[in-house]
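Before any comments, here is the structure.
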Amino acid sequence: MGQEKIVIIGGVLAMTAALYLTEQRDWQQHRTITVYQQGWRLGGKGASGRNAARGQRIEEHGLHVWFGAYVNSFKTIETVYTKLQRPVDSPLSTWQKALKPHSFIALEEYINDQ
């Protein structure tokens, strides 16, 4: 049987799917994966890019608030950072340094134009 051919279309979910499909040590022997993404930035709605002047920090197009309910997202971030094996002295060397926790947030909603 030949290699399985997989096409992934989309943003953050596409990147997550690609990550987990490549978890198997010899995945290249079993599948060919192609990711299609609109535009040059990975991440779909996140539209993330990197700023070389600020230690390759990821910059996104807006505020993203997780409310602590994205258990799988944190697992994915931990997996990526484990695979990256960034040097301890590098910028954003751990996922804990890459994210900024908050214990307070305020949201508002317009109701009847008020």
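Throughout, read-outs are computed from the coordinates displayed, never taken from laboratory work. In this text, all values refer to a predicted model and were calculated from it rather than measured experimentally. Here the Cβ is made from the backbone with ideal geometry for all residues, glycine too, and neighbour counts use every protein chain on show.
Straight-distance candidates among the aspartates and glutamates for linking to residue 5, with alpha-carbon spacing under 20 Å and chain neighbours fewer than 8 residues away dropped: 23, 26. Distance in nm between label sites at residue 57 and residue 99, each 7 Å beyond Cα in the beta-carbon direction? For the pair residue 57/residue 99, the computed spacing is 1.8 nm. Each peptide in 14-24, 83-93 receives the mean, over its residues, of other Cβ atoms within 10 Å, and ordering these scores from highest gives 14-24, 83-93.
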